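Below is one structure, written out as structure tokens, with a few remarks after it.
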Amino acid sequence: MKKRSLLQRLIGAPYVLWAAIFIVVPLFIVAYYTFTDADGGLTLENLKSLTEAEYRKSFRLSILYSLAATVISLVIAYPFAYVMSRKRERTQKIMMVLVMLPLWMSLLILTYSWMNILERNGLVNNLLTSLGVKRLNLIGTPGAVIFGMVYNYIPYMILPIYSVMSKIDPSVLEAAEDLGSGGVSKLYRIILPLSMPGVVSGITMVFVPSVSTFYISQKLGDGKILLIGDMIERQIQAQNNYNVGAALSLVLMVLIVLSMALMKLFAGETDDNLYV
Amino acid sequence: MKKTLGNILMGIVYFVLYLPLIVMVFFSFNSGRGTTVFKGFSLKWYAELFSNSDIMVPLRNTLLLAALAAVIATVIGTAAAVYIYYVKSKAWKNTLNTVTNIPMMNPDIVTGVSLMLLFVFVGRLIGAKNSLNFFTLLIAHITFNIPYVILNVLPKLNQTDPHLAEAAQDLGSTPTEAFFKVVLPSIMSGVTSGFMMAFTLSLDDFVISYYTTGATFQTLPLYVFNMVKKPVRPHIYALYSLIFLLVLAVLLFTNISGMKDNKKKKNKSK
């Protein structure tokens, strides 16, 4: 082994510095704002204020809706990824690009388009009236918000599940069949355990952005449904109350770290390197 | 039976995925002012797009920001990946990897708010009136881009043969020459894909930009977000229809050239 050159020693300096200042320090700043008041004095008031009914409701709704969105995404994405992984290789490639394409567009503009489709004289309601059904108020309902979350983030569920499934060796499945495994036991004993790492990362990739969103609830919830993200936005952007905004962000971060730890406990130790 | 069910599921998912895109393109040709009632076919919104400086400024800002952020993030990120690759201490390597993961794991809103609070904090310390501006936005974009560059470059480094650089040094090149002439070319594909990823992430980012930009510098996603307080006009749909066309063209181009490459490889192996 050659001695490490000066270049190899210094080459990391910009990033180490950058990461320290702009990744690590900001987390401490969030903690600082959480535990101080506007004048910089130590306080627990910011955290205490989060127990007010309004905030409690936003936490409850955020968790509830994003859990619903995650489950719905999983239920749709899992069979979707399975069907996709059994297609011919070229078809798989094209299908993957088609799943990714909306992500390359701005999700913001697509959410607007959904507003157009779901609003009171939008596409869906016009279709309903032509069928003789009364117009429905779709915008502003929990259903619209959950739908928005599923629409925005389902590609992130399909992607990792597909990527593990496409790597399952067909001969493993054949061996299972030869040893007498039927459809159901093949699914439970082989496909499900082997695709677990993809499911785990899919759940994370849908839950985290859903639980912290604010524009989906703002646009499709018509401002009537306030999630944690909306509360943070209101404190920071409208009321300039950085301290309560920081407290909300800190609690959101802790919430996410806890739910990830919980999920790892549930899913068991999954070794990502083995299959992905 | 099973196959039909699978195909029906595929059909429904793709229909729902593309419905808003279709609606967007459709209403971009609307001769009316709104985006719910189609009054007739017209290209006037496309014409307005190019005469309307209102939208050209955010578009130019977005491209400028994404290009700058992606270039800087690619340089710092590639260097960081090379550094992480050569680090010997396991504990230090783990620390670096964990810190690199933070911006990718944290929700965007937390990344945005935490950076904003840092800028405000420093701004107050030095007594600046406005602590948010173009440079804070640029710093934020570089910060969330670097981890994705590292993510793309590090696997390529792991694939390269470490003896290659040593051989170059045995043959008389300095370590620096060995890096630029041997290591860098072999990880170039990772560097390029890292750059592309950083660039597109920057183009699209709304949440982090929303918290870290000043009042004077507006990007396209911010423009779109603020616009909806007024009713949406079809010109924004026209713009995004063009962007959609561009994305489609790039995807087709890269996939076709990718297929040709594969063919070449296959022919060679014969």
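In debye to the nearest 20, how big a dipole does chain B give about its Cα centre with +1 on each Lys and Arg Cβ and -1 on each Asp and Glu Cβ?
In debye, rounded to 20, chain B gives about 780.
Write out the trypsin sites (Lys or Arg not before Pro) in the stretch A:209-242 meeting two conditions: DSSP loop, and at most 12 other Cβ atoms within 10 Å of their Cβ.
A:224
How large is Rg over Rh for the protein assembly as shown, taking Rg from the Cα atoms and Rh as the Kirkwood inverse mean of 1/r across Cα pairs?
0.97
Restricting to DSSP loop positions (anything but H, G, I, E, B) with no more than 15 other Cβ atoms inside 10 Å of their own Cβ, which trypsin sites (Lys or Arg not before Pro) remain in the stretch A:107-204?
A:120, A:134, A:135, A:167
What length, rounded to one decimal in nm, is gained on full extension from residue B:253 through to residue B:184, with 0.36 nm per residue of separation minus their alpha-carbon distance?
In short, 22.3 nm is gained.
In which sequence would B:92, A:18, B:45 go, from the one with the fewest C-beta neighbours within 10 Å to the one with the most?
In increasing order of surrounding Cβ atoms, one gets B:92, A:18, B:45.
Using the membrane-span-like helix rule (whole DSSP H runs, Cα extent along the own axis of at least 24 Å, mean Kyte-Doolittle hydropathy at least -0.5), which helices of chain A qualify?
Length and hydropathy pass: A:53-85, A:142-165, A:192-211, A:242-267.
Find me the longest stretch of chain A that has none of the exposed GluC sites (Glu not before Pro), where exposed means in a DSSP loop (not H, G, I, E or B) with at most 10 other Cβ atoms within 10 Å.
Counting at most 10 other Cβ atoms within 10 Å as exposed, the longest clean stretch of chain A is A:53-268.
If you take the beta carbon distance between residue A:31 and residue A:133 as r and set R0 to 51 Å, what does 1/(1 + (r/R0)^6) give as a FRET efficiency, to the nearest 0.05?
Efficiency, from the Cβ-Cβ distance: 0.45.
Which loop-located trypsin sites (Lys or Arg not before Pro) does the stretch B:88-195 contain, where loop means any DSSP state but H, G, I, E or B and the Cβ has at most 10 other Cβ atoms within 10 Å? Please list the in-between numbers first.
Details: sites: B:88, B:90, B:93, B:124, B:129, B:156, B:181; in loops: B:88, B:129.
Here the sparse-neighbourhood loop sites are B:88, B:129.
Can you put B:217, B:41 in order of Cβ neighbours within 10 angstrom, beginning with the fewest?
B:41, B:217
Would you calculate the separation in nanometres between label points at residue B:67 and residue B:2, each defined as 7 Å from the Cα along the Cα-to-beta-carbon direction?
Placing both labels 7 Å beyond Cα along the Cβ direction yields 5.3 nm.
Which residue, A:180, A:143, A:245, has the most motion in a Gaussian network model of chain A that connects Cα atoms within less than 10 Å?
Its mean-square fluctuation being the largest, the pick is A:180.
Check which residues have an amide H placed less than 5 Å from residue A:36's amide H, if you skip close sequence neighbours.
A:43
In debye to the nearest 20, how big a dipole does the stretch A:1-96 give about its Cα centre with +1 on each Lys and Arg Cβ and -1 on each Asp and Glu Cβ?
With only Lys, Arg, Asp and Glu charged at Cβ, the dipole is about 1160 debye.
So how strong a dipole does the protein assembly as shown carry about its Cα centre when Lys and Arg Cβ are +1 and Asp and Glu Cβ are -1, to the nearest 20 debye?
For this selection, approximately 1260 debye.
Rounded, prolate or oblate: which fits chain B when a ≥ b ≥ c are the square roots of the eigenvalues of the alpha-carbon gyration tensor, with rounded for a/c under 1.5 and prolate only if a/b beats b/c?
Judged from the Cα gyration tensor, chain B comes out oblate (a/c at least 1.5, b/c at or above a/b).
Can you list, bin by bin at 5 Å, the percent of alpha carbon pairs in the stretch A:45-275, starting at 0?
Histogram of Cα-Cα distances, whole percents per bin: 1, 6, 12, 14, 15, 14, 12, 10, 7, 5, 2, 1, 0, 0.
Give the order of A:75, B:25 when sorted by the count of other beta carbons within 10 angstrom, beginning with the fewest.
A:75, B:25
How much length would be gained if the chain were fully extended between residue A:263 and residue A:52, taking 0.36 nm per residue of separation minus their Cα-Cα distance, in nm to one decimal?
Stretched fully, the residue A:263-residue A:52 segment lengthens by 73.1 nm.
Say we join alpha carbon atoms closer than 10 Å with springs in a Gaussian network model of chain B; which of B:172, B:123, B:32 then has the biggest fluctuation?
In the Gaussian network model the winner is B:172.
What distance in nm lies between label points placed 7 Å from Cα along the C-beta direction at residue B:134 and residue A:255?
The modelled label-to-label distance comes out at 3.7 nm.
For chain B, what are the DSSP H helices with axial Cα length of 24 Å or more and mean Kyte-Doolittle hydropathy of at least -1.0? If you can, show how the numbers build up before the last one.
Details: long enough: B:2-28 (39 Å, 1.62); B:53-86 (49 Å, 1.46); B:108-125 (26 Å, 1.87); B:134-159 (38 Å, 1.10); B:184-204 (30 Å, 1.08); B:234-269 (52 Å, 0.31).
Result, helices passing both filters: B:2-28, B:53-86, B:108-125, B:134-159, B:184-204, B:234-269.
Considering the options A:261, A:182, A:195, tell which one lies farthest towards the positive end of the dipole of the stretch A:175-276, charges being +1 on Lys and Arg and -1 on Asp and Glu at the Cβ, about the Cα centre.
Towards the positive end, the residue furthest out is A:261.
Using the beta-carbon distance between residue A:93 and residue B:126 and R0 = 45 Å, what value does 1/(1 + (r/R0)^6) give for FRET efficiency, to the nearest 0.05?
With a Förster radius of 45 Å, E is 0.30.
Between residue A:186 and residue B:159, what's the calculated FRET efficiency when r is the beta-carbon distance and R0 is 30 Å? Round to 0.05.
0.35
Each reported figure results from applying straightforward, stated rules to the coordinates on display, with no laboratory input. In this text the structure is predicted, and so the values were computed from the model without any measurement. Methodologically, a virtual Cβ is constructed for each residue, glycine included, from the backbone with ideal geometry; neighbour enumeration extends over all protein chains shown.
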